[in-house]
Amino acid sequence: MNADSTDSGPSWLDEMPERLAALDAAHLTRRRRAVRPADGASLWVDGRLMLAFCSNDYLGLSQHPALRTAAIEGTMRYGVGSGASPMVSGHSEANAALERELAAFVGLERALYFYAGYATNASIVPALVGPGDAVFSDALNHACLIDGARLSKAEIHRFAHSDLAQLDALLQASPARRKLVLSDAVFSMDGDAADIPALIALCERHDALLLLDDAHGFGVCGPQGRGSLAAVARTGAQASRRVLYMATLGKAAGVSGAFVAGSGTLIEWLLQKTRSYTFATAPPALLAHCVSMALRVIVNEPERLAQLHRHIAQFRAGIPAAIAGTGWTLPPSDTAVQALVIGANDEALRVMAALADAGLWVPAIRPPTVPEGTARLRIALSAAHTPEDIATLLRALAAAARTARRTRD
């Protein structure tokens, strides 16, 4: 066999340019931008200063002086790398302390600290269930929960978004002994919240476990930003052994990584069986040191959370007039995620471009991230914004809406 024999005929690799062109024709091509933080909620984007409504840094902590100092302190004390997996020598004193702090912060017995949110959900689901078991997943769950369900090889039941009657029926009909319900707490592309007490009640009724992903609620929802589960603590939700609570640390906490918290028994099981925990290098101790500081800032600077909620109220009060007559919709959301649903991919991109021309970076989100026909602007609000920033956004949206109406006429 000569060296060129494998390249003698057509290859599926030759189809790549055509497939990329098809993505572009469907207005589904994505591109990265090189950014650098500026003052407040602004970013330098490919060398241009823009007011950003695209970051999940909901409390503006990523540039907080106390966290910058903690990063320097952590580096000087621990260095920049962990050197091994947590099961070998990567579980530093800082990581161990952070796990205790995270558990206390969300009011649960024990926590496990991971290097990334996606890897957390993608691996803890297969650690909990497998072939012969059943997973019940909200239709609008984040991709990491969906991928975790697929990797588990359990039977997957997908219920309509927040349709608890359908979930009840699916749980009732399933003969599986082990049942796992998956749900975002705050849905990342719509900004609406799950009915956590009702989900827990269904899990109690059907002997199921609830895995709750609070990536967009941690630091933002509940008393002192302690999360969506703490927000419903009066219902006994935190005390339920039916709940595993997961949250990320690169959004409102402003750093990186993720954690899962729950009963000591469940966390011990995940410690023993989660592949992305066992076989991946541990998060650097300097990051754990920074997250510890972020938790203190969240509690000690409550004005940040209050400021965020004032921005949410200001935006929602102003949007009806700004988009009147366009057919665009803003679903209910009391969270930092505000989804302006436009519909068509090309129109969403045009509105995004108009805002960019005005110096605002507001990302257009298209399928497959959201369902077909629901392309949108995903507007992320932050305590780092000012009231004038919100007013600027509303004026820019009103101008884009006028253009959209003229185009249709």
Quiz item: In region 374-388, how many residues are in a loop (DSSP other than H, G, I, E, B) and over 17 Å from the mean Cα position of the chain (by Cα)?
Solution: 5
Practice problem: Give the residue that is nearest to LEU51 (Cα to Cα), with candidates limited to residues of region 352-373 that are in a loop (DSSP other than H, G, I, E, B) and open to solvent by less than 20 Å² (accessible area, probe 1.4 Å). | Solution: GLY359
Exercise. Return yes when SER55 is among the small types (Gly, Ala, Ser) and closer than 22 Å to SER382 by Cα and no when it is not.
Key: yes
Quiz prompt | Those helices (runs of 4 or more DSSP H) lying entirely in region 106-177 with at least 3 residues within 28 Å of LEU249 (Cα to Cα) | solution = 117-128, 143-152
Practice problem: Tally the residues that are among the small types (Gly, Ala, Ser), in contact (Cβ under 8 Å) with a residue 40 or more places away in the chain and surrounded by fewer than 18 Cβ atoms within 10 Å (Cβ to Cβ), restricting the search to region 293-341. | Solution: 4
Quiz item: Would you pick out the residues in region 45-68 that are more than 17 Å from ASP357 (Cβ to Cβ) and of a type in the set (A, V, I, L, M, F, W, C)?
Solution: LEU59, LEU61, ALA66, LEU67
Quiz item: Restricting region 265-275 to residues that are touching a residue at least 12 places away in the same chain (Cβ under 8 Å) and under 9 Å from ALA127 (Cβ atoms), which is surrounded by the most Cβ atoms within 10 Å (Cβ to Cβ)?
Solution: THR274
Quiz item: Does any residue of region 68-86 turn out to be over 23 Å from the mean Cα position of the chain (by Cα), among the hydroxyl-bearing types (Ser, Thr, Tyr) and modelled with pLDDT under 95?
Solution: yes
Practice problem: Would you check which residues across region 285-306 are within 17 Å of VAL220 (Cα to Cα) and touching a Leu at 6+ places or on another chain (Cβ under 9 Å) and list them? | Solution: VAL291, SER292, MET293, ALA294, LEU295, VAL297, ILE298, GLU301, ARG304, LEU305
Practice problem: Please identify the pairs in which a residue from region 209-220 that is on the phi < 0 side of the Ramachandran plot has its Cβ atom under 7 Å from the Cβ atom of a residue that is open to solvent by 10 Å² or more (accessible area, probe 1.4 Å) and basic (Lys, Arg), counting only partners at least 6 apart or on another chain. | Solution: LEU209/ARG242; LEU210/ARG242; ALA215/LYS251; HIS216/LYS251
Exercise. Would you be able to tell me the number of residues in region 44-67 that are farther than 16 Å from ALA294 by Cα and more than 24 Å from the chain's Cα centre (by Cα)?
Key: 4
Quiz item: In region 51-65, how many are farther than 18 Å from GLY257 by Cβ and among the small types (Gly, Ala, Ser)?
Solution: 2
Quiz item: In region 201-231, how many residues are more than 17 Å from GLN166 (Cβ to Cβ) and crowded, with 20+ Cβ neighbours inside 10 Å?
Solution: 19
Quiz item: Does region 389-405 contain any residue that is of a type in the set (A, V, I, L, M) and not in a helix (DSSP H, G or I)?
Solution: no
Quiz item: Under 8 Å by Cβ, and 6 or more places apart or on different chains, what pairs join a residue from region 246-261 that is at negative phi with one that is basic (Lys, Arg)?
Solution: ALA261/ARG110
Quiz prompt | Test: residue in region 96-116 that is surrounded by fewer than 22 Cβ atoms within 10 Å (Cβ to Cβ), over 21 Å from the mean Cα position of the chain (by Cα) and either of a type in the set (Ser, Thr, Tyr) or under 20 Å from THR281 (Cβ atoms) (or both) | solution = yes
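Here are some residues: ALA160, ALA165, ALA198, ALA176. Which one is modelled with pLDDT of 95 or more, among the small types (Gly, Ala, Ser), out of contact with any Pro (no Cβ under 8 Å at 6 or more places or on another chain) and buried (at least 16 other Cβ atoms within 10 Å of the Cβ)?
ALA176
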Quiz item: over 18 Å from GLY219 (Cβ atoms), modelled with pLDDT under 95 and surrounded by 14 or more Cβ atoms within 10 Å (Cβ to Cβ): does that describe SER89?
Solution: no
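The values are calculated or read from the model by the stated rules, or taken from the named source; none is laboratory data. Everything quoted here is computed from the prediction, not taken from an experiment. Cβ coordinates were reconstructed from backbone atoms using ideal geometry, including for glycine residues, and neighbour counts include every protein chain displayed. Each accessible area value is taken on the protein alone, full model and side chains, heavy atoms only, with ligands, DNA and RNA left out. Shrake-Rupley method; radii C 1.70, N 1.55, O 1.52, S 1.80 Å.
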